[in-house]
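> Before I ask anything, let me first share the structure, which is written out below as structure tokens.
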Amino acid sequence: MRRVSFRVPAGEKEAVLDGVLPLLPAGVRELERGDVVEVSSVAGGVPSRAVLEAAAGRALDGFADEEVPADWRARRARFGGGGVIVRDRVMVRSPWDPPPSGGLVDVVVERRGSAFGSGSHPTTQMCIALMLDLEPAGGAADLGCGVGTLAIAAAKLGWAPVVAVDRVPVAVEVARENVERNGVAVECAVADLAEADIPLAALLLINAPPPVHERVASALTREVRHIVVSGIVTSEAEAVVAGYRAAGYEPSDGLGTEDEWIALRLSC
């Protein structure tokens, strides 16, 4: 297998890709580095630099053509690029990505197939971002934990004790594996929040659909100081916030994406 890579100014990326993509049928990966985008492609054979530059209509800076392992995990360990950095403080990555440098909090999660919450979805990233503004003081509960990303991040940021629940047994099984992988203390359990008692803590992390938020809001006590809410879109926010407001919690910050996913932090 061979890997070709090069850098282009962010403002010229689309024009360059229009030219080179027909020559790279395996597709490309794009990694933004400030005002520059690093483009790479892996295939059994790749075009020469001259051919790609002719198609791009410009010189391709930082061009490299090298032999790489056929195993994608070995390539990820070598080149990285699969991890997500949140606010320059936390990296969420797979076990196949190299660890971060520069003192970032390292959250390593394996999603094993389709288990939810690996960190790739913007709602997970926004929940972590909203956590970072809080000074850890007490426990945290990750309600609808998926593979445990938010719970692990909370534990590594200093919240304790931490619990994580999900109604999907395989997700909880993977979450337990991820907790062990990260060397943190998180109690993971299977629970259907539509019926089970709601675990409460000083910080609640709820990346879940509106019916779960409605039930959590009805169970709140003053033990809960902060709630990070996501798993909802803009059109659902008013009703979800109304439920928490009735329990004495007001929004203090919020984030959103272009496709209308939002995350909110509420406090009492």
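> How many residues are among the β-branched types (Val, Ile, Thr) and open to solvent by 30 Å² or more (accessible area, probe 1.4 Å) if we restrict to the stretch 29-45? Reasoning before the result, please.
Kept after step one, since they are among the β-branched types (Val, Ile, Thr), are these residues of the stretch 29-45: 36-37, 39, 42.
Imposing the further condition that a residue be open to solvent by 30 Å² or more (accessible area, probe 1.4 Å) reduces the set to 36, 42.
Qualifying residue count for the region: 2.
> Still on this structure: Restricted to the stretch 56-82, and to residues that are assigned to a loop (DSSP other than H, G, I, E, B) and farther than 17 Å from residue 19 by Cβ, which residue is most open to solvent (accessible area, probe 1.4 Å)?
Per the criteria, the residue is 70.
> Inside the stretch 174-199, can you point out the residues that are crowded, with 17+ Cβ neighbours inside 10 Å and either within 21 Å of residue 240 (Cβ to Cβ) or aromatic (Phe, Trp, Tyr) (or both)?
191, 193, 198, 199
> Here's something else I'd like to know. From the set of residues in the stretch 205-226 that are assigned to a loop (DSSP other than H, G, I, E, B) and free of Cβ contacts under 8 Å to residues at least 40 places away in the same chain, which is most open to solvent (accessible area, probe 1.4 Å)? Let's see the steps before the verdict.
Keep residues of the stretch 205-226 that are assigned to a loop (DSSP other than H, G, I, E, B), which gives 208-209, 220-225.
With free of Cβ contacts under 8 Å to residues at least 40 places away in the same chain added as a condition, the list becomes 209, 220-221, 223.
On the way: 209: 72, 220: 31, 221: 64, 223: 102 Å².
Among them, the one singled out is 223.
> Within the set of pairs 6+ apart or on separate chains, which have a first residue in the stretch 28-55 that is closer than 15 Å to residue 75 by Cβ, a second that is polar (S, T, N, Q), and C-beta atoms under 8 Å apart?
28/40; 28/41; 29/40; 29/41; 31/40; 38/5; 40/5; 41/5
> Looking at (1) touching a strand residue (DSSP E or B) at 6+ places or on another chain (Cβ under 7 Å); (2) of a type outside the set (Ser, Thr, Tyr); (3) farther than 23 Å from residue 254 by Cβ; (4) part of a helix (DSSP H, G or I), find the lone condition where residue 154 falls short.
Here residue 154 meets the rest and fails (3).
> Out of (1) out of contact with any Lys or Arg (no Cβ under 9 Å at 6 or more places or on another chain); (2) under 28 Å from residue 179 (Cβ atoms); (3) open to solvent by 80 Å² or more (accessible area, probe 1.4 Å), the odd one out for residue 22 is which?
(2)
> Of everything in the stretch 227-242 that's open to solvent by 30 Å² or more (accessible area, probe 1.4 Å) and in a helix (DSSP H, G or I), which residue is nearest to residue 125 (Cα to Cα)? Let's see the steps before the verdict.
In the first step, residues of the stretch 227-242 are kept if they are open to solvent by 30 Å² or more (accessible area, probe 1.4 Å); the result is 233-236, 238-239, 242.
Still in the running and in a helix (DSSP H, G or I): 234-236, 238-239, 242.
Values: 234: 17, 235: 20, 236: 19, 238: 22, 239: 23, 242: 24 Å.
Taking the candidates together, the pick is 234.
> Right, something else. Within the stretch 227-253, restricting attention to residues that are touching a residue at least 40 places away in the same chain (Cβ under 8 Å) and of a type in the set (Gly, Ala, Ser), which residue is nearest to residue 140 (Cα to Cα)?
Taking the stretch 227-253 as the starting set, the residues that turn out to be touching a residue at least 40 places away in the same chain (Cβ under 8 Å) are 227-228, 230-231, 253.
Filter again for of a type in the set (Gly, Ala, Ser), leaving 230-231.
Details: 230: 16, 231: 18 Å.
Once the filter is applied, the top-ranked residue is 230.
> Among 12, 53, which is the only one that is more than 26 Å from the chain's Cα centre (by Cα), buried (at least 16 other Cβ atoms within 10 Å of the Cβ) and not in a strand (DSSP E or B)? Break it down stepwise before answering.
Values: 12 fails: buried (at least 16 other Cβ atoms within 10 Å of the Cβ).
One residue alone meets the criteria, 53.
> Given the criteria among the aliphatic types (A, V, I, L, M), open to solvent by 50 Å² or more (accessible area, probe 1.4 Å) and farther than 15 Å from residue 124 by Cβ, does residue 202 qualify?
Working: among the aliphatic types (A, V, I, L, M): yes; open to solvent by 50 Å² or more (accessible area, probe 1.4 Å): no; farther than 15 Å from residue 124 by Cβ: yes.
Taking the combined requirement at face value, the residue does not satisfy it.
> Out of curiosity, is residue 264 hydrophobic (A, V, I, L, M, F, W, C) and either touching a Gly at 6+ places or on another chain (Cβ under 9 Å) or modelled with pLDDT of 95 or more (or both)?
Details: hydrophobic (A, V, I, L, M, F, W, C): yes; either touching a Gly at 6+ places or on another chain (Cβ under 9 Å) or modelled with pLDDT of 95 or more (or both): yes.
Yes: the conditions hold for residue 264.
> If you don't mind, there's one more thing I want to ask. One residue is enough: does the stretch 75-82 have a residue meeting the conditions in contact with a Phe, Trp or Tyr (Cβ under 6 Å, 6 or more places away or on another chain) and within 30 Å of residue 186 (Cα to Cα)?
Taking the stretch 75-82 first, the residues in contact with a Phe, Trp or Tyr (Cβ under 6 Å, 6 or more places away or on another chain) are 76-77.
Of the ones still in play, those that are also within 30 Å of residue 186 (Cα to Cα) are 76-77.
There is at least one residue in the stretch 75-82 that is in contact with a Phe, Trp or Tyr (Cβ under 6 Å, 6 or more places away or on another chain) and within 30 Å of residue 186 (Cα to Cα).
> How many residues, within the stretch 257-268, are under 22 Å from residue 134 (Cα atoms) and either crowded, with 21+ Cβ neighbours inside 10 Å or free of Cβ contacts under 8 Å to residues at least 24 places away in the same chain (or both)?
The number of residues fulfilling the criteria is 5.
> Quick check on my filter: what residues within the stretch 128-162 are under 15 Å from residue 223 (Cα atoms) and open to solvent by 20 Å² or more (accessible area, probe 1.4 Å)?
Those that are under 15 Å from residue 223 (Cα atoms) and open to solvent by 20 Å² or more (accessible area, probe 1.4 Å): 136, 137, 138, 160, 161.
> Mind counting the residues in the stretch 83-103 that are outside any strand (DSSP E or B) and either open to solvent by 60 Å² or more (accessible area, probe 1.4 Å) or aromatic (Phe, Trp, Tyr) (or both)? Lay out the reasoning, then the answer.
Kept after step one, since they are outside any strand (DSSP E or B), are these residues of the stretch 83-103: 83, 87-89, 94-103.
From what's left, either open to solvent by 60 Å² or more (accessible area, probe 1.4 Å) or aromatic (Phe, Trp, Tyr) (or both): 87-89, 96, 99, 101-103.
Matching residues across the stretch 83-103 total 8.
The values are calculated or read from the model by the stated rules, or taken from the named source; none is laboratory data. Bear in mind that the values here come from a model prediction, so they are computed numbers and not experimental data. Here the Cβ is made from the backbone with ideal geometry for all residues, glycine too, and neighbour counts use every protein chain on show. In case anyone asks, the SASA skips ligands and DNA or RNA and just uses the protein heavy atoms, side chains included. Shrake-Rupley method; radii C 1.70, N 1.55, O 1.52, S 1.80 Å.
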